[in-house]
1. Compute the whole-percent fraction of alpha carbon pairs in the stretch 53-207 spaced more than 17 Å apart.
2. Name the most mobile residue of Phe35, Phe263, Phe235, meaning the one with the largest mean-square fluctuation, in a Gaussian network model of the chain with Cα contacts below 10 Å.
3. Efficiency by 1/(1 + (r/R0)^6): what FRET value for Asn249 and Ala192, r their Cβ-Cβ distance, R0 = 51 Å, to the nearest 0.05?
4. Any chance you could get the radius of gyration and Dmax over the Cα atoms of the stretch 118-236, in Å?
5. How many angstrom separate the Cα center of the stretch 242-263 from the Cα center of the stretch 102-135?
6. If you take every DSSP beta bridge fully contained in the chain, what fraction is antiparallel? Give it as a percent rounded to 5.
7. For the cross-link pairs Lys126/Lys189; Lys85/Lys120; Lys90/Lys248; Lys82/Lys130; Lys106/Lys260; Lys146/Lys206, which exceed 25 Å when the distance is taken from alpha carbon to alpha carbon?
8. Quick one: among Asp293, Asp139, Asp210, which has the greatest mean-square fluctuation in a GNM of the chain with alpha-carbon springs under 10 angstrom?
Amino acid sequence: MLYDLIIIGGGPAGSAAAVYAGRKHLKSLMLVYEFGGQSIVSEDIQNWIGTVSLSGQELAKNFKKHVETYSKDFVVIKEGEKAIKIEKDKDIFKIKTDQNNEYVTKTILITTGSNRRKLKIEGAKKFENKGITYCASCDGPMFAEKDVAVIGGGNAGFETAVQLLAYAKSVTLLDIEENYKADKITIDKVLANPKMTGISNAEIIKINGDQFVTGLIYKNKKIGEEKTLKVEGIFVEIGQIPNTETVKNLLELDEYNRIKIDFKNQKTSLEGIWSAGDCTNVLYHQNNIAAGDGVRALEDIYLYLHAK
Ligand SMILES: Cc1cc2nc3c(=O)[nH]c(=O)nc-3n(C[C@H](O)[C@H](O)[C@H](O)COP(=O)(O)OP(=O)(O)OC[C@H]3O[C@@H](n4cnc5c(N)ncnc54)[C@H](O)[C@@H]3O)c2cc1C
């Protein structure tokens, strides 16, 4: 069976594209390791447009149901199956999976997302989603009038601080290095806010808490002194690891291993492959954005298949 399209991934980007593929009657296959994507662990998602509040598990169930409803005879769903290799042979792509299956297709949409780099210190696992979070625009409002910390002094850390300053009583940004990596203009602007404190050379040693986070202990790397910071929220921004291993020899990636795309239409560097969501070199990472990117890709794929 030669598919029109194979979608890899079942987060918001892949699921949105699959709904459109079904409704547009594209003969498609969806390889989904797990429906829902990164926010599946979230207890309360408050910014999925059209739904005031739902858990990550509910979001995942809704994605699956929505795709199944419109898949009919057009979208075959392979859940729990991972793409491990992609090859191009003239105008046809072959995808091999971890279940020893091989599928052939005219086009591919990659929506494999990313994983957040996590703190590997005492208390980090225990307090995940109990004060430790990875998304200011998702969870920031829950920390209104509270003291919070941001870990990481790159652009993502400073952008997170900017968002938190709108709600929090105070924001302390800690970076392990002497110098912050963010743009100077951003650093100066953010640190000028009276609610903001920046601490460099700070190695996080431990997260304190009972049921929820109550603070953290950090060590000044230069003088070895340990200090406790009392905070109720800790926003970790120490990098993302995009799931792009399978395409690293096939597609152009940026310096962070994210797939480079044409922002007009989600096309990658190789004709016949599109990509959307957090595995691409876009600036912002949100469910709504990933879903929109997935739809943009699908519209372009549809046009490509029918105008060819
Ligand atoms: C803890 C947390 C909470 C968040 N909360 C919110 C929130 O409240 N609101 C919000 O807007 N955003 C939130 N985000 C951000 C949001 O989850 C992401 O921006 C979004 O999930 C990106 O969607 P995506 O489809 O690009 O990729 P992902 O969600 O990462 O999905 C990737 C998909 O690909 C599959 N996959 C990966 N590799 C393979 C493979 N080789 N073969 C087959 N399948 C594969 C995965 O199983 C998954 O289905 C949160 C992020 C985190 C980490």
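What follows draws every value from the coordinates through simple rules; no lab data is involved. Nothing here was measured: the structure is a model prediction, and the numbers come from that model. Here the Cβ is made from the backbone with ideal geometry for all residues, glycine too, and neighbour counts use every protein chain on show.
1. That tail contains 74 percent of the Cα-Cα pairs.
2. Comparing Phe35, Phe263, Phe235 in the GNM, the peak value goes to Phe263.
3. 0.65
4. Final numbers for Rg and Dmax: 13.0, 38 Å.
5. The stretch 242-263 and the stretch 102-135 have Cα centres spaced 16 Å from each other.
6. 45 percent
7. Those over the limit are Lys126/Lys189; Lys85/Lys120; Lys82/Lys130.
8. It is Asp210.
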